[in-house]
2 protein chains.
Amino acid sequence: MAAVAPRRQPTLDEVAERAGVSRSAASRVINNAPHVSRATRDAVEKAVKELGYLPNRTARALATRQTGIVALAVPDDDPQLFADPFFAQVIVGVSAALEDTDLHLLLCLASSGRGRARLTKLLQTRGVDGILLVALRGDDPLTDIVRRAGVPAVYGGRPLHFEPEWYVDSDNVGGARLATEHLIGLGRTRIVSITGQMCTEAGAARHRGYREAMVIAGLSPHGTAEGDFTEAGGAAAMKTLLDEHPDLDAVFAANDNMAAGALRVLGGSGRSVPGDVAVVGFDDLGIAERTEPPLTTVHQSIQGLGKEMTRLLIGVIAGQERSSIILPTRLVLRESA
Amino acid sequence: MAAVAPRRQPTLDEVAERAGVSRSAASRVINNAPHVSRATRDAVEKAVKELGYLPNRTARALATRQTGIVALAVPDDDPQLFADPFFAQVIVGVSAALEDTDLHLLLCLASSGRGRARLTKLLQTRGVDGILLVALRGDDPLTDIVRRAGVPAVYGGRPLHFEPEWYVDSDNVGGARLATEHLIGLGRTRIVSITGQMCTEAGAARHRGYREAMVIAGLSPHGTAEGDFTEAGGAAAMKTLLDEHPDLDAVFAANDNMAAGALRVLGGSGRSVPGDVAVVGFDDLGIAERTEPPLTTVHQSIQGLGKEMTRLLIGVIAGQERSSIILPTRLVLRESA
DNA sequence: ACGATGGCTGGGAGCGCTTCCAGCGACAGT
DNA sequence: ACTGTCGCTGGAAGCGCTCCCAGCCATCGT
């Protein structure tokens, strides 16, 4: 069994003394900087091992002005919303990217005024090296707070009406086109669109992709209803569309939740899927496999999003010249279309 | 509009100089320590405001030997498992408790060897003031790592075969008794139990509660099958029990997932719930409301768990004499029993 | 033989804060 | 007048690290 935790961690000075070298020399070895002789290196390494030395994070942070911590700010602390698997996926992605670095992840639930104040203070007191922001609405106060603090920031998804210097986003337009083209390829022509909130970038972009695909194919958009990315919203939108365009033969829903709602309503109206109406969704975050029938949808990797955001942020912190990233999406064929 | 972020944050020295006092005096004002005259206080506060001074977190941490950060270690980074709403709830609870402190939350996904190594290093390099551990199996290596590091630690739920110095746990035994007593009160006598893994404390405790209630009522346990806390496991256990005890009239499942599986199997076997068989679950984490019929279950507050763990940890870090906590559970009546 | 190079070294000055402590004047008690 | 208290003060020594820089010795070219 290893020794019990020492009361006090040894310091670099102690290591240096034991190794019979100066503190600077010891430091050089620890950081394996150049200009260290073989003998010095060996002596220091021996002392380190014997003492069980590990550099104090805080002291190093003070000297280097780098905390080794990146924050992930989540604009919602409503348990329901944070419980969305989306965030868990982002976190897993971020963690994966952090895995082979010395950086750690600080999680900030910052929706309430209180939470935001805490975050502001954290940034201004140089508590973190950079920050990751996801799922922001265009007018979220976080945008401003972060800009003011002058801390490197990477956005996941673009807020509407604001193009951050660095962001990672899924190819929403491309994905929506893919979905719509698939429906067109199936021979459908009376394709309607259930959109997300048009006041979000994703909502707007996915609808744009749908329209582009229609126009390119020489079709005119057959009908559109705005949902809110929830299943209930999707169901309501589907009802409206069914009233206005009873002849519709396909629907593109801007996410899977809404597609699930649409599926339910279509079933209720006696239409078969994909027989009478083909349906495709967007996201592929689990529910798509559990609908009846399973949903053909556009897959975007949220873990990938988190991972790329983190890599980008690390680059930015390191002062590298980096540019934003658009992540590809792909169509996943199941039974609904 | 407010000024742009200053290139460099002002330091305490600058504040002191501007206020015409010594750095110690300024520090005393900032930390509102005693022995500060009215004049000094005013002068410093004025300077602070004018300069927009905020103390540097890292420097303070080095001087006080307190990082102002607590870690939450999650033993699973499998996206599927971390996506469990359980963790989101814990995080929300923890965040709530942290809200009116100066502490921040560091999230560590520490299941892989790599993740564990990172955590070990974080603890040993004095990167955090304390750590919160949830959902540990008895033999999880984290237990050891944490003990060795000698960092204040609070457990959420007790690992089997190991009673941590500080933990917060739901009253699993009490909750299971409540559930079972309810079934008994309904006049059921042939009550079976679907357990979770008996190698977890929660699994064992909930089964114990069931048995105690049966014994107290003068009934003998009518049958037991071990599940694994998943819906599929619950379904399998239910099948087994139906084979062995076709006359059963009630089932206590150690969590809602398994209860949902049991419900499905019971429906498939032509039995009505709660008519032929009454079912009660445990957890009340969302699914319970969405089963058919909605599930009567034992409610435990996971947010409350996170909150209490955090409060306890803060106390322990502050050096207070604190003891572990058992959180009450309560029965939520829906339609399945 | 000479200076020029160049790897290695330790001293020391930070990083920005807290906190101990000696010292100060003012004021009360004798 | 002298001592003792007491509230307040600034100097200075940390906290544990990084990193610049002047200085040292060998080696090299001429």
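Tabulated values for the structure
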{"read-out": "From A:Asp78, A:Asp100, residue being closer than 25 Å to A:Pro328 by Cβ and either β-branched (Val, Ile, Thr) or facing chain B (nearest Cβ under 9 Å) (or both)", "value": "A:Asp100"}
{"read-out": "Index of the failed condition, B:Thr58 passing every other in (1) closer than 30 Å to B:Gly113 by Cβ; (2) away from DNA strand C (no atom under 13 Å from the Cβ); (3) free of Cβ contacts under 8 Å to residues at least 40 places away in the same chain", "value": "(2)"}
{"read-out": "Subset of the range B:111-150 (residues that are under 20 Å from B:Phe86 (Cβ atoms), more than 9 Å from chain A (Cβ to nearest Cβ) and of a type outside the set (A, V, I, L, M, F, W, C))", "value": "B:Ser111, B:Arg137, B:Gly138, B:Asp140, B:Thr143"}
{"read-out": "In the range B:62-75, residue nearest to DNA strand D (Cβ to nearest atom) [restricted to those that are more than 8 Å from chain A (Cβ to nearest Cβ) and free of Cβ contacts under 8 Å to residues at least 40 places away in the same chain]", "value": "B:Ala63"}
{"read-out": "Boolean, B:Arg28 is more than 14 Å from every other protein chain (Cβ to nearest Cβ), basic (Lys, Arg), within 7 Å of DNA strand D (Cβ to nearest atom) and in a helix (DSSP H, G or I)", "value": "yes"}
{"read-out": "Evaluation of A:Arg23 against (1) within 7 Å of DNA strand D (Cβ to nearest atom); (2) surrounded by 18 or more Cβ atoms within 10 Å (Cβ to Cβ); (3) among the charged types (D, E, K, R); (4) more than 40 Å from the chain's Cα centre (by Cα) (one fails), failing number", "value": "(2)"}
{"read-out": "Condition met for B:Val48 (among the β-branched types (Val, Ile, Thr), away from DNA strand D (no atom under 12 Å from the Cβ) and facing chain A (nearest Cβ under 7 Å))", "value": "no"}
{"read-out": "Yes/no for B:Asp76 being assigned to a loop (DSSP other than H, G, I, E, B) and away from DNA strand C (no atom under 11 Å from the Cβ)", "value": "yes"}
{"read-out": "Hits in the range B:205-228 - residues which are within 20 Å of B:Met238 (Cβ to Cβ), part of a helix (DSSP H, G or I) and out of contact with any helix residue (DSSP H, G or I) (no Cβ under 6 Å at 6 or more places or on another chain)", "value": "B:His207, B:Arg211, B:Met214"}
{"read-out": "Selection count where residues are surrounded by 24 or more Cβ atoms within 10 Å (Cβ to Cβ), in a helix (DSSP H, G or I) and not hydrophobic (A, V, I, L, M, F, W, C), scope the range B:178-200", "value": "1"}
{"read-out": "Search result, residues across the range B:81-97 that are farther than 19 Å from A:His104 by Cβ, at the interface with another protein chain (Cβ under 7 Å from one of its Cβ atoms), in contact with a helix residue (DSSP H, G or I) (Cβ under 6 Å, 6 or more places away or on another chain) and not aliphatic (A, V, I, L, M)", "value": "B:Gln89"}
{"read-out": "Residue within the range B:96-103 that is within 13 Å of DNA strand C (Cβ to nearest atom), of a type in the set (Asp, Glu) and outside any helix (DSSP H, G or I) present", "value": "yes"}
{"read-out": "Filter result for A:Asp247 (at negative phi, in a helix (DSSP H, G or I) and not aliphatic (A, V, I, L, M))", "value": "no"}
{"read-out": "Subset of the range A:34-55 (residues that are of a type in the set (Asp, Glu) and either touching a residue at least 12 places away in the same chain (Cβ under 8 Å) or assigned to a strand (DSSP E or B) (or both))", "value": "A:Glu45, A:Glu50"}
{"read-out": "Cross-chain or 6+ apart pairs with Cβ under 6 Å, the range B:6-33 first and without any contact (Cβ under 8 Å) to a residue 60 or more places away in the chain, then hydroxyl-bearing (Ser, Thr, Tyr) and in a helix (DSSP H, G or I)", "value": "B:Val21/B:Thr40; B:Ala25/B:Thr40"}
{"read-out": "Matching residues in the range B:102-145 - criterion: being more than 16 Å from the chain's Cα centre (by Cα), closer than 22 Å to A:Ala59 by Cα, surrounded by 19 or more Cβ atoms within 10 Å (Cβ to Cβ) and not charged (D, E, K, R)", "value": "B:Leu103, B:His104, B:Leu119, B:Thr120, B:Leu122, B:Leu123, B:Gln124, B:Thr125, B:Gly127, B:Val128"}
{"read-out": "Candidates A:Ile287, A:Ile325, A:Ile314, filtered to the one that is of a type in the set (A, V, I, L, M), within 18 Å of the chain's Cα centre (by Cα) and either within 29 Å of A:Asp247 (Cβ to Cβ) or surrounded by fewer than 19 Cβ atoms within 10 Å (Cβ to Cβ) (or both)", "value": "A:Ile325"}
{"read-out": "Hits in the range B:63-101 - residues which are within 14 Å of the chain's Cα centre (by Cα) and hydroxyl-bearing (Ser, Thr, Tyr)", "value": "B:Ser95"}
{"read-out": "Residue satisfying all of: in the range A:290-311; assigned to a loop (DSSP other than H, G, I, E, B) and under 20 Å from the mean Cα position of the chain (by Cα); nearest to A:Asp129 (Cα to Cα) among these", "value": "A:Ser301"}
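Every read-out reported here was derived from the displayed coordinates using simple, explicitly stated rules and does not represent laboratory data. Fair warning: this is a prediction, and the values are worked out from it, not measured in the lab. Please note: Cβ atoms are built from the backbone with ideal geometry, for glycine as well, and neighbour counts cover all protein chains shown.
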